């Protein structure tokens, strides 16, 4: 089963060069359009090197937006996801360069040339995505993988891997509770191994063996792994130390985060106020009921606050306080509700919650009080995610799915908390724009399976 690919050491370089080809093509197209339609309208027209300067600005804007949206992950992202990353980056770069052109012209200029350029960009990006996907599948075929597990059923994980058969093919699953010699013999037949929910002592032994023999190893992390991974190096002694502060965000981080929340919420409320007015009128006109749905949610340190959303269901959808999760075809969802839920516009009133300080733009999704009590009963570590304010968007909302297990969502949220930075917040905000275009399934309240509770 050994399948060492001689191109593996050059994969990052090939990925970078592939992306740069697209950047250069789009930049060249922009220079042609800008030179023909905008250059002679600015206060001091550019000549020769000036064109290259504008091209450099365009490439800079494009590369930054593309990088923040994950567009460098050629060969990893699905084609639709990669297309979205680059398409949104091109649109954002064109908006930025239009604003720059307005400043240079000291007047508003026609948006038609850059609008047409954006449409052509989308076509070029689509063709590039198709080409790069075929190129990477040819150069880097799916890895043949051995999945090692212990007492927990590996089938849920296998189903997830099966959805990416273009990247990984699990050829065999093997229980590591067998004799060590048998386990090692299996490992020696592969160059890629998945370690799925294996207890720490044996997992450490397996990891060291794979490391010693140069075997690529993927590991499903435990809560303690995430904490250790984000620890700081401490070199006060000749014995290495790892420092895990475990205090949540620092004062500086909280201050920067609050400033970002205020700026984003004010801008969002100003821009979306006409849309919110139309939605409010539509909800009221349909059945005369209340416009907003108000519910108790848990946030930082377990504090309970009232979250606001546009009402998308009939009144009294949950009688006698009984928790009834919504599904895609739920009869309680109104016609207006179907539209605003599908487009996620029902979440817009939460910008008011962010403005007054009950929520943050980015953070773990604030859960219902009943759900938190149930989760904490099964997994006491669930309280770890409440070291920061609940957020409108976040790590688990972007990288998880509605039907992602509660324990996996907890791990995703901890990855955000333990690796927090203002740049990460900005990146997740941009990623949220992309996620809005990706359809996902809505499933109800999920139990925490016993196999997901061990650490």
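The values are calculated or read from the model by the stated rules, or taken from the named source; none is laboratory data. For clarity, every value in this text was computed on a predicted model and none was experimentally measured. Positions of Cβ are generated from backbone atoms using ideal geometry, with glycine treated the same way; all protein chains shown enter the neighbour counts.
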Task: Qualifying position, being surrounded by 14 or more Cβ atoms within 10 Å (Cβ to Cβ), within 20 Å of residue 423 (Cα to Cα) and touching a helix residue (DSSP H, G or I) at 6+ places or on another chain (Cβ under 7 Å), among 256, 282 - done: 256
Task: Failed item in (1) in a helix (DSSP H, G or I); (2) at pLDDT below 90; (3) on the phi < 0 side of the Ramachandran plot, with residue 339 passing the rest - done: (2)
Open item on the list: Of everything in the stretch 425-438, what is closer than 23 Å to residue 247 by Cα and either without any contact (Cβ under 8 Å) to a residue 60 or more places away in the chain or touching a strand residue (DSSP E or B) at 6+ places or on another chain (Cβ under 7 Å) (or both)? Give them in sequence order.
Closed with: 425, 428
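This table checks each residue for (1) surrounded by fewer than 18 Cβ atoms within 10 Å (Cβ to Cβ); (2) at pLDDT 95 or above; (3) not assigned by TED's automatic domain parsing to the domain that holds residue 434.
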{"residue": "25", "(1), (2), (3)": "yes, yes, yes"}
{"residue": "49", "(1), (2), (3)": "yes, no, yes"}
{"residue": "53", "(1), (2), (3)": "yes, no, yes"}
{"residue": "68", "(1), (2), (3)": "no, no, yes"}
{"residue": "71", "(1), (2), (3)": "no, no, yes"}
Open item on the list: Looking only at the stretch 292-320, filter to residues that are touching a helix residue (DSSP H, G or I) at 6+ places or on another chain (Cβ under 9 Å) and over 21 Å from residue 365 (Cα atoms); which one of those is modelled with the highest pLDDT?
Closed with: 314
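Residues are listed down the side, and each one gets a yes or a no for (1) in contact with a helix residue (DSSP H, G or I) (Cβ under 8 Å, 6 or more places away or on another chain); (2) more than 30 Å from residue 218 (Cβ to Cβ); (3) modelled with pLDDT under 95:
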| site | (1), (2), (3) |
| --- | --- |
| 123 | no, yes, no |
| 147 | yes, no, no |
| 153 | yes, no, yes |
| 158 | no, no, yes |
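Being without any contact (Cβ under 8 Å) to a residue 24 or more places away in the chain and within 30 Å of residue 191 (Cα to Cα) narrows it down to one residue among 53, 17; which is it? Full working, then the answer.
Working: 53 fails: within 30 Å of residue 191 (Cα to Cα).
Of 53, 17, the one residue that is without any contact (Cβ under 8 Å) to a residue 24 or more places away in the chain and within 30 Å of residue 191 (Cα to Cα) is 17.
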Open item on the list: Please go through the stretch 92-117 and give me each residue that is under 25 Å from the mean Cα position of the chain (by Cα) and surrounded by fewer than 18 Cβ atoms within 10 Å (Cβ to Cβ), ordered by number.
Closed with: 95, 96
- [ ] Hey, could you check the stretch 123-141 for residues that are surrounded by 15 or more Cβ atoms within 10 Å (Cβ to Cβ) and without any contact (Cβ under 8 Å) to a residue 60 or more places away in the chain and say which is farthest from residue 168 (Cα to Cα)?
- [x] 129
- [ ] Mind listing just one residue for me: the one in the stretch 201-210 that is touching a strand residue (DSSP E or B) at 6+ places or on another chain (Cβ under 9 Å) and within 15 Å of residue 189 (Cα to Cα) and, of those, surrounded by the fewest Cβ atoms within 10 Å (Cβ to Cβ)?
- [x] 210
TODO: Just give me the residues in the stretch 1-24 being out of contact with any helix residue (DSSP H, G or I) (no Cβ under 6 Å at 6 or more places or on another chain) and over 30 Å from residue 213 (Cβ atoms), in sequence order.
DONE: 17, 19, 20, 21, 24
Open item on the list: Of everything in the stretch 55-66, what is over 14 Å from residue 98 (Cα atoms) and crowded, with 16+ Cβ neighbours inside 10 Å? Give them in sequence order.
Closed with: 63, 65, 66
Open item on the list: So residue 278 ticks every box in (1) part of a helix (DSSP H, G or I); (2) within 21 Å of residue 425 (Cβ to Cβ) but one. Which box is left unticked?
Closed with: (2)
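Only one of these is without any contact (Cβ under 8 Å) to a residue 40 or more places away in the chain and either under 30 Å from residue 141 (Cβ atoms) or in a helix (DSSP H, G or I) (or both): 103, 88, 82. Name it.
The unique qualifying residue is 103.
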Open item on the list: Among the residues that make up the stretch 370-382, is at least one of them within 30 Å of residue 423 (Cβ to Cβ), assigned by TED's automatic domain parsing to the domain that holds residue 404, outside any loop (DSSP other than H, G, I, E, B) and touching a strand residue (DSSP E or B) at 6+ places or on another chain (Cβ under 9 Å)?
Closed with: yes
